[in-house]
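To keep things clear, I will list the structure first and then write my remarks on it.
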Amino acid sequence: MTDDRELWDPAVQALDPDEVATRAAAGLADTWDRVWELPFYAERYRAADLSPGPMPPLADIPTVTKSDHRADEAAYPPLGRHRAVAPEDAIRVGVSTGTTGAPTFIFYGKRDIDAMVRVGTRNNWRLGLRAGDRFTHSWPQYLYPTSAHGGRPYLDLGVLEIPVGPPFSPETAAEHLRIWERLRPTGFMMTASQFQTYERVGDEIGIDFAKCLEGSLLVYLDLACQFGAPRRRIEEAYGVRLHNLSGASEIPAFSVNDSKYHRGFQAAGDHVCIEVCDPATGVAVPDGVRGHLVVSTFGLDACFLRYDLEDIVVRDTEPDPTGETGPRYVLIGRGADAVTVDGRDPVFPLDVQLALDDHGAPEFQLVAGGDPSTLRLRVEHEGAAGVLEGLLAERLGIGVRIEAVSPGSLPRAAFKPRRIAAA
């Protein structure tokens, strides 16, 4: 009998919002007590005239960034004083990819791994994975957090996991395509750069990548596909059902994806509290306004309290059609990838990508440096770039200068795309 319920664990995922808030408050109070045992936090909080005892309002607690953790590790090598899970207490170690800096060690306690399995299983169910499916992904293995839970979220659903790893070379991509041609996955997970690599290599070796995808689930790391037009373009062109994913590898159980209604990334309300804050003040901004994603966790061995991911998001508080009540948001991009033009609001690669989507969705790069009054881009485009310059200038409300480059000439990453380039 087919199980068509929306949520894997409705008793947790569809909890009354007031009860979600009550449980989060109790969990955060426990986190507050625990962080005072860590010298890194204790010193920061005392410097802010805070003290142990009842937890103050979140807005009164200083935010912390990954750079703060790295500075702590540099001052107190090799691992710093901010970690709630020491190596001797851990049951697993992971390493982030270091997309915006050096890789970070992550030590997991048992509660962390258990939560990752629970949340991963819910996420997979939300994607529509069911017993008997064959799901392949091009995520790193090795020490990357993807492998920390040992594939249990697939095992617990009865899904065959086919972990091929990133396509680091054309030869590796060809090997993946040959595996998929034989095993016929019913679901794929990859980044936009990987997608382009597989399509190009498939053409070279005579394997129709589009046919491999046809009728499958595609879990896709491309922020533009949070929005209807780009998502439908891929779904219609390849005959797939597309979902988006994101997360933060250093935070256990902070893996997020969207439901079939595509109302934003769904976080686990039984382990995570999120705020969307003004980066200058740390104060929450109104719903619908862009701000930094600030995460606090509870019920884990790890401790994160007002951890500013420096991702730019917009919170969505409208009821979700699935009935899920945990925090939900739309991701705009990383703060480090923003470009300020002519003193106006920052422009993100996503803003450019959405503006280009109606014009063939060409690959592009933002070029940092140079004239601050003009947005500089490299765009894979045949012909004169003047028309595109005018279209983007009108859409973005700023001056735009485009250097047209030949299709396929911009680099494709083996994992996450990087769309900021030096002049």
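The values are calculated or read from the model by the stated rules, or taken from the named source; none is laboratory data. Values in this document were obtained by computation on a predicted structure and should not be read as measured data. Using ideal geometry, Cβ is built from the backbone for each residue, glycine included, and neighbour counts are taken over all protein chains shown.
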## Note on the structure
Within region 255-285, of all residues that are assigned to a strand (DSSP E or B) and out of contact with any Lys or Arg (no Cβ under 8 Å at 6 or more places or on another chain), the one farthest from Phe415 (Cα to Cα) is Ala284
### Query
From the set of residues in region 161-175 that are in contact (Cβ under 8 Å) with a residue 24 or more places away in the chain and of a type in the set (Val, Ile, Thr), which is nearest to Ser193 (Cα to Cα)?
Val164
### Summary
The residue that is surrounded by the most Cβ atoms within 10 Å (Cβ to Cβ), considering only those in region 382-397 that are under 16 Å from Leu354 (Cα atoms) and in contact with a strand residue (DSSP E or B) (Cβ under 7 Å, 6 or more places away or on another chain), is Leu392
### Query
Among strands (runs of 3 or more DSSP E) lying entirely in region 87-194, which contain 3 or more residues that are of a type outside the set (Val, Ile, Thr) and either in contact with a His (Cβ under 6 Å, 6 or more places away or on another chain) or over 28 Å from Arg263 (Cα atoms) (or both)?
105-108
### Task
Mind telling me which of the residues Ala25, Ala42 ends up being at pLDDT 95 or above, farther than 21 Å from Asn123 by Cα, surrounded by 13 or more Cβ atoms within 10 Å (Cβ to Cβ) and within 26 Å of the chain's Cα centre (by Cα)?
Ala25
### Task
Run down Leu221, Leu242 and say which single residue is outside the structural domain of Phe348 (by TED's automatic domain parsing), at pLDDT below 95 and either within 19 Å of Trp125 (Cα to Cα) or among the polar types (S, T, N, Q) (or both).
Leu221
### Query
Does region 304-316 hold any residues that are modelled with pLDDT of 95 or more and part of a loop (DSSP other than H, G, I, E, B), and which are they?
Phe304, Leu305, Arg306
### Message
Give me the residue from region 101-147 that is among the polar types (S, T, N, Q) and closer than 30 Å to Asp3 by Cα and, out of that set, surrounded by the fewest Cβ atoms within 10 Å (Cβ to Cβ).
### Response
Ser147
### Task
Find all pairs meeting these conditions: Cβ atoms under 8 angstrom apart; at least six residues apart or on different chains; first residue within region 140-160 and in the same structural domain as Gly94 (by TED's automatic domain parsing) and among the basic types (Lys, Arg); second residue at pLDDT 95 or above and assigned to a helix (DSSP H, G or I).
Arg152/Val117; Arg152/Gly120; Arg152/Thr121
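Yes/no per residue for (1) of a type in the set (D, E, K, R); (2) not in a loop (DSSP other than H, G, I, E, B):
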position: Ala302; (1), (2): no, no
position: Glu318; (1), (2): yes, no
position: Val330; (1), (2): no, yes
position: Ala355; (1), (2): no, yes
position: His359; (1), (2): no, no
position: Pro362; (1), (2): no, no
position: Val387; (1), (2): no, yes
position: Arg395; (1), (2): yes, yes
### Query
Pairs, please: C-beta under 9 Å, at least 6 apart or cross-chain, first residue free of Cβ contacts under 8 Å to residues at least 40 places away in the same chain and in region 42-71, second loosely packed, with under 13 Cβ neighbours inside 10 Å and assigned to a loop (DSSP other than H, G, I, E, B)?
Tyr45/Ser51; Asp60/Ala48; Ser67/Gly101; Arg70/Gly101; Arg70/Ala102
### Message
Of the residues Pro252, Pro230, only one is touching a helix residue (DSSP H, G or I) at 6+ places or on another chain (Cβ under 6 Å), assigned to a helix (DSSP H, G or I) and not aliphatic (A, V, I, L, M); which?
### Response
Pro230
